[in-house]
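These notes are about the structure you will find just below.
What follows is calculated from the coordinates using simple rules that are stated; it is not laboratory data. These figures come from a predicted structure and were not determined experimentally. For neighbour counting, all protein chains shown are included, and Cβ atoms are generated from backbone atoms with ideal geometry for every residue, glycine included.
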There are 2 protein chains.
Amino acid sequence: MKFYDCKTAPSPRRARIFIAEKNIAIEHIEVDLRNAEQMGDAFRQINAYCTVPVLELDNGTHLTTTAGIWQYLEAAYPEPALMGTTAEQKGIIADLQWRIETGGFMAMGEYLRNSAPAMKGRALTGTVNYEQIPELAVRGKDRLTHFFDDIDELIGTKPYVAGETFSVADIDLLVVIDFAKWKKITLPKTAVNAWRWYETVSARPSTQSVEPVSR
Amino acid sequence: MKFYDCKTAPSPRRARIFIAEKNIAIEHIEVDLRNAEQMGDAFRQINAYCTVPVLELDNGTHLTTTAGIWQYLEAAYPEPALMGTTAEQKGIIADLQWRIETGGFMAMGEYLRNSAPAMKGRALTGTVNYEQIPELAVRGKDRLTHFFDDIDELIGTKPYVAGETFSVADIDLLVVIDFAKWKKITLPKTAVNAWRWYETVSARPSTQSVEPVSR
């Protein structure tokens, strides 16, 4: 297998932490997003959507979304389970992960990509160039603020987002919180449950590998 | 179990078709979105996010996203599998489903909710009221057009979106295509593969139960 990554970007970090938690040895290939390598002809042969992460299986199949990469690796390498073991856990984890992805990760993407000078004309990832919509940056920031306001209650006194076990819901929440630093949005000091969780999860070996940085 | 549904809305149809394919008997409860029943105190006790679908398990747990409901039911009622059986199939189906949800379903939502007079001040589902952004309706329509242009190639000569077996990728694509009719967007006549697939999938008993209608 080959994993197409970009260490400075938040999206592939979601898959990278997952791979590290499973302790799977996979060849890493760095894609130079800064110089738009993902838009070039060579990378389009790997992923016509021009996005990272991508997982290339040994038979040549390319999985081009975090969702696809997670589902594949969870089934092929079941231990440790990161998406639940019982039916109810699987449902609860998928529920939480979807809420965090859409309410947190996508809101931050909306905010950043519609306001950062470096992303003018590139307000969405992918093959089509879209102009920034300033009102959408405002809405994204507002959505993200609501999301951050709710994190402390989401964690509560549980060790992890979905309960007793580390899961993809923790991965996504950690990646969102670190991603939001690019826009100087942080957890409120009063969010003691959230901070306790954040410090524990940030200390795991899997999350140590190069944190993405704002360009 | 109880399934909180709304027969006129596209989102819960994704779960409703899934339940019908599995042939699971679940009590259906209709939520009156037209009269904003989902925003009322009684429904907030069931789902604080004020959205349908919701699946209530027998122990009282509420799953409030299609992603969570699908994962739970797939694990609790494995036959027929709708999310793949081998690791590779699971990855490919999740990949396709995510692309269809974000590139098709969310684009149509963006287009509709930012342009329909009935949705003024309600440009997003959920607890917070957001004003419409006309530029976002334009972008949503453009994204959806690109998505529709690619459906024929996505299907190709395969019986189903992910290959030989009906899956959640087919459910989502069918729901998007029917949802887009609300804005008079349809498959091009020349999309012969897509039309062949659409007619086959639309004839399944699971997809017959009340198709959502534009209000």
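What to note about this one:
- With contacts taken as Cα pairs under 8 Å and at least 6 residues apart, the range B:87-208 reaches a relative contact order of 26 percent.
- Antiparallel bridges, percent of DSSP beta bridges restricted to chain A (to nearest 5): 60
- Evaluated at q = 0.07, 0.11 Å⁻¹: base-10 log I(q)/I(0), Debye formula over Cα of chain A: -0.21, -0.54
- Cα-projected label distance for A:T86 with B:E153, points at 7 Å along beta-carbon direction, nm: 4.6
- Peptide B:135-142, shielding by other chains (average Cβ, 10 Å cutoff): 3
- Relative to the other identical copies, A:K184 shows label-point distances of 4.8 nm, where the label point lies 7 Å from Cα along the Cβ direction and values run shortest first.
- Set B:K120/B:K181; A:K120/A:K184; A:K7/A:K189; A:K158/A:K189 screened for pairs whose C-alpha atoms are more than 23 Å apart: A:K7/A:K189
- Based on C-alpha pairs under 8 angstrom that are at least 6 apart in sequence, chain A has a relative contact order of 22 percent.
- Positive-end residue of B:Q208, B:L57, B:Y77, charge dipole of the protein assembly as shown with Cβ unit charges: B:Q208
- Of all DSSP beta bridges confined to the range B:2-76, the antiparallel ones make up roughly 55%.
- Centroid-to-centroid separation of the range A:102-156 and the range B:152-187 [C-alpha atoms, Å]: 28
- Label-point distances for B:P80 to the equivalent site in the other copies, using a point 7 angstrom along Cα→C-beta, read 3.8 nm when ranked shortest first.
- Maximal additional length on extending the B:A203-B:R44 stretch stands at 53.6 nm, based on 0.36 nm per residue less the C-alpha distance.
- Amide hydrogen neighbours beyond the local backbone of A:I29, cut-off 5 Å, H modeled: A:F3, A:Y4, A:D5
- For the range A:1-58 versus the range A:63-78, the inter-centroid distance based on Cα atoms is 13 Å.
- Extension gain, B:E37-B:N23: 0.36 nm per intervening residue step, less the Cα-Cα distance, totals 2.2 nm.
- Compared with the direct C-alpha span, the chain from A:W182 to A:T61 gains 40.2 nm at full extension, assuming 0.36 nm per residue.
- Annotation for B:E27, label-to-label distances across the other copies: 5.7 nm (shortest first, one decimal, point 7 Å from Cα along Cα→Cβ).
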